[in-house]
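Q: Following this message is one structure expressed as structure tokens.
The values are calculated or read from the model by the stated rules, or taken from the named source; none is laboratory data. This one's a predicted model, so the numbers in the text were calculated from it and none came from an experiment. Because the Cβ atoms are built from the backbone with ideal geometry, glycine has one as well, and the counts that use them run over all protein chains shown.
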Amino acid sequence: MATEALKARPGGPLRGEVRAPGDKSISHRSLILGALARGETRVSGLLEGDDVLRTAAAMRAFGAEVERLGEGAWRVVGQGGFSEPADVVDCGNAGTGVRLIMGAAAGFDLAATFTGDGSLRKRPMGRVLEPLSQMGARFLGRAGGRLPLTLKGGALEGIDYRLPMASAQVKSAVLLAGLNAKGGVTVREPEPTRDHTERMLRAFGAVVEVMDEDGVRVIRLAAGQSLMATTIEVPGDPSSAAFPLVAALVTPSSEVTVKGVLLNPLRTGLFETLREMGADLTISNERDAGGESVGDVTARHSALKGVEVPPERAPSMIDEYPILAVAAAFAEGRTVMRGIGEMRVKESDRVALMAAGLSACGVGVEEEPEALTVIGSARANHPVRGGARVVTHGDHRIAMSHLVLALAAQEAVEVDEPGMIATSFPGFVELMRGLGADLG
Ligand code: S3P
């Protein structure tokens, strides 16, 4: 990965229409489910970021044919099961990739060793090892459930599992393992998380029941189901669209439209929060694309005010708090984000890095174990200064958030390891420049 720095400078308005890159969650799943299915799955709009390309390589290693046909257009030919990979499976920076693939592979009689980059090797894997081990998978590796780890799969039993944390990755690992478990699986989620796996399992022909039992979302997948290849259109990623949209909200005279954004209600917590802050955010051309709702989102520069973000909203915007914290820096008053402990186990400790980065840029912050408060600058007579070199620990969202901050700050901001932005948003720099941002 490139280690040089990237700088964003304050400047004029951002204006224009762009398309967000493909949704990362749906991109990973389309390759994994396509590889598990029998037959040829065609995918359009796939995110060609490093994380997803690692998943494509992993699916080849497990025996699927995976071929790029053109920009975002891919073909996956699954054999109806996984075979043993000949080499270590390196998932790079991708927590979603490795956790979902471990689940998918656990049902087959094979051994596979997984690893990742320095960030992924620090992230907790115990959360997927626990339910998969209860189902009968075995794991060998470092103490504390960190990568590298070797999975010995096969002969799984069903499970009735209550998620100890709100995690779509853990839910998905259990469901994918359940495809090849005797007795089927039930997952109970105290707080609903993104439901792309459930929706896509259905699109591949599986029967998935979803119920509400006393406020707990219960997902059941019966045993003995096989997947049939299908066609998938990947919508634009709301987590990526967030960056140009917030840039427009905080930069005077701006108006930016991001087209074809996924509007799944379990992903739109940021848009809801920004509206509560007074953002002029409008949605047009709302339509259905392959079972998901998508639309064009327009953001115009707005006077924002601080809000309290309810903790139960966290799963629907867990990747968006860094950029929300930037919007909050330009708002009037305090924005309080609670119940965000899960942010500490992402590609970096995002609570700590946002607190450090914002305060280096002259923004008031208060950090608690599970909360972050940002003291907005509007009308406080001290505009957001910027003027810092921000340490990102290789975290793409920390980098993009601070670059957006610089566009409306008084002084330029520089981020280290900008090459990591390509894990989720290849083309970010060009897209932002096209809107008028001074980035380079
Ligand atoms: C994802 C789930 C979330 C999110 C990640 C993508 C997914 O992680 O942060 O970027 O695709 O299932 P958790 O499930 O760990 O919250």
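Q: Filter segment 175-186 for residues that are within 12 Å of the ligand (Cβ to nearest atom) and touching a strand residue (DSSP E or B) at 6+ places or on another chain (Cβ under 8 Å) and give the result.
A: Matches in segment 175-186: Leu175 only.
Q: Can Gly39 be described as out of contact with any His (no Cβ under 7 Å at 6 or more places or on another chain), more than 16 Å from the ligand (Cβ to nearest atom), part of a strand (DSSP E or B) and not β-branched (Val, Ile, Thr)? Talk me through it step by step, then tell me what you get.
A: On the way: out of contact with any His (no Cβ under 7 Å at 6 or more places or on another chain): yes; more than 16 Å from the ligand (Cβ to nearest atom): yes; part of a strand (DSSP E or B): yes; not β-branched (Val, Ile, Thr): yes.
It is true that Gly39 is out of contact with any His (no Cβ under 7 Å at 6 or more places or on another chain), more than 16 Å from the ligand (Cβ to nearest atom), part of a strand (DSSP E or B) and not β-branched (Val, Ile, Thr).
Q: What about Met200, is it assigned by TED's automatic domain parsing to the domain that holds Gly153, touching a helix residue (DSSP H, G or I) at 6+ places or on another chain (Cβ under 9 Å), within 16 Å of the ligand (Cβ to nearest atom) and under 22 Å from Pro311 (Cα atoms)? Walk me through how you get there before you give the answer.
A: Values: assigned by TED's automatic domain parsing to the domain that holds Gly153: yes; touching a helix residue (DSSP H, G or I) at 6+ places or on another chain (Cβ under 9 Å): yes; within 16 Å of the ligand (Cβ to nearest atom): yes; under 22 Å from Pro311 (Cα atoms): no.
The answer is no for Met200.
Q: Out of (1) within 19 Å of the chain's Cα centre (by Cα); (2) over 23 Å from Leu14 (Cβ atoms), what's the single condition that is false for Ile219?
A: Unmet for Ile219, out of (1) within 19 Å of the chain's Cα centre (by Cα); (2) over 23 Å from Leu14 (Cβ atoms): (1).
Q: Can you go through Gly118, Gly158, Gly95, Gly103 and tell me which one is in contact with a helix residue (DSSP H, G or I) (Cβ under 9 Å, 6 or more places away or on another chain), assigned by TED's automatic domain parsing to the domain that holds Arg29 and away from the ligand (no atom under 16 Å from the Cβ)?
A: Details: Gly118 fails: in contact with a helix residue (DSSP H, G or I) (Cβ under 9 Å, 6 or more places away or on another chain); Gly95 fails: away from the ligand (no atom under 16 Å from the Cβ); Gly103 fails: away from the ligand (no atom under 16 Å from the Cβ).
Answer to the check: Gly158.
Q: List pairs: first residue in segment 321-332 and within 11 Å of Leu274 (Cα to Cα), second residue of a type in the set (D, E, K, R) anywhere in the structure, Cβ distance under 6 angstrom, at least six positions apart or on different chains.
A: Within 6 Å, the pairs are Ala331/Lys305.
Q: Of the numbered conditions (1) on the phi > 0 side of the Ramachandran plot; (2) surrounded by fewer than 18 Cβ atoms within 10 Å (Cβ to Cβ), His393 fails exactly one; give the number of that condition.
A: Exception for His393: condition (2).
Q: Name every residue in segment 51-71 that is acidic (Asp, Glu) and either assigned by TED's automatic domain parsing to the domain that holds Met420 or under 22 Å from the mean Cα position of the chain (by Cα) (or both), in order of residue number. Explain how you work it out, then say what you get.
A: In the first step, residues of segment 51-71 are kept if they are acidic (Asp, Glu); the result is 51, 65, 67, 71.
Within segment 51-71, Asp51, Glu71 qualify.
Q: At pLDDT 95 or above, buried (at least 21 other Cβ atoms within 10 Å of the Cβ) and in contact with a Gly (Cβ under 9 Å, 6 or more places away or on another chain): does that describe Ala181? Full working, then the answer.
A: Values: at pLDDT 95 or above: yes; buried (at least 21 other Cβ atoms within 10 Å of the Cβ): yes; in contact with a Gly (Cβ under 9 Å, 6 or more places away or on another chain): yes.
Answer is yes for this residue.
Q: Next up: Looking only at segment 127-153, count how many residues are at pLDDT below 95 and either away from the ligand (no atom under 16 Å from the Cβ) or outside the structural domain of Phe114 (by TED's automatic domain parsing) (or both).
A: Step one: list which residues in segment 127-153 are at pLDDT below 95, which gives 141-145.
Add one more test, that the residue is either away from the ligand (no atom under 16 Å from the Cβ) or outside the structural domain of Phe114 (by TED's automatic domain parsing) (or both), and what stays is 141-144.
Summing the residues that are at pLDDT below 95 and either away from the ligand (no atom under 16 Å from the Cβ) or outside the structural domain of Phe114 (by TED's automatic domain parsing) (or both) in segment 127-153 gives 4.
Q: Here's something else I'd like to know. Kindly indicate which of Ala5, Ala20 is touching a residue at least 24 places away in the same chain (Cβ under 8 Å), over 23 Å from the mean Cα position of the chain (by Cα) and under 30 Å from Thr257 (Cα atoms).
A: Numbers: Ala20 fails: over 23 Å from the mean Cα position of the chain (by Cα).
The unique qualifying residue is Ala5.
Q: Hey, another quick one. Ala168 - would you say it is buried (at least 17 other Cβ atoms within 10 Å of the Cβ), small (Gly, Ala, Ser), more than 16 Å from the ligand (Cβ to nearest atom) and closer than 30 Å to Val43 by Cα?
A: Details: buried (at least 17 other Cβ atoms within 10 Å of the Cβ): yes; small (Gly, Ala, Ser): yes; more than 16 Å from the ligand (Cβ to nearest atom): no; closer than 30 Å to Val43 by Cα: yes.
No: the conditions fail for Ala168.
Q: Separate question: Do we find that Ser253 is closer than 22 Å to Ala406 by Cβ, in the same structural domain as Val326 (by TED's automatic domain parsing) and away from the ligand (no atom under 16 Å from the Cβ) in this structure? Steps first, answer last, please.
A: Working: closer than 22 Å to Ala406 by Cβ: yes; in the same structural domain as Val326 (by TED's automatic domain parsing): yes; away from the ligand (no atom under 16 Å from the Cβ): yes.
Judged against the criteria, Ser253 is a match.
Q: Can you find, within segment 6-36, the residue that is nearest to the ligand (Cβ to nearest atom) among those that are in contact with an Asp or Glu (Cβ under 6 Å, 6 or more places away or on another chain) and of a type in the set (Lys, Arg)?
A: Among those that are in contact with an Asp or Glu (Cβ under 6 Å, 6 or more places away or on another chain) and of a type in the set (Lys, Arg), it is Lys24.
Q: Residue under question is Ala206, and the condition is that it be small (Gly, Ala, Ser), surrounded by 17 or more Cβ atoms within 10 Å (Cβ to Cβ) and outside any loop (DSSP other than H, G, I, E, B); does it hold? Lay out the reasoning, then the answer.
A: Numbers: small (Gly, Ala, Ser): yes; surrounded by 17 or more Cβ atoms within 10 Å (Cβ to Cβ): yes; outside any loop (DSSP other than H, G, I, E, B): no.
Criteria not met by Ala206.
Q: Which one of these does Ser424 not meet: (1) touching a helix residue (DSSP H, G or I) at 6+ places or on another chain (Cβ under 9 Å); (2) more than 18 Å from Ser239 (Cα to Cα); (3) of a type in the set (Ser, Thr, Tyr)?
A: Looking at each condition in turn, Ser424 falls short on (2).
Q: Has segment 376-398 got at least one residue that is touching a Phe, Trp or Tyr at 6+ places or on another chain (Cβ under 8 Å) and either of a type in the set (Lys, Arg) or closer than 30 Å to Leu46 by Cβ (or both)? Spell out the reasoning first.
A: Restricting attention to segment 376-398, the residues satisfying the condition of being touching a Phe, Trp or Tyr at 6+ places or on another chain (Cβ under 8 Å) are 376-378, 384, 396.
Those left that are additionally either of a type in the set (Lys, Arg) or closer than 30 Å to Leu46 by Cβ (or both): 396.
Scanning segment 376-398, I find at least one residue that is touching a Phe, Trp or Tyr at 6+ places or on another chain (Cβ under 8 Å) and either of a type in the set (Lys, Arg) or closer than 30 Å to Leu46 by Cβ (or both), so the answer is yes.
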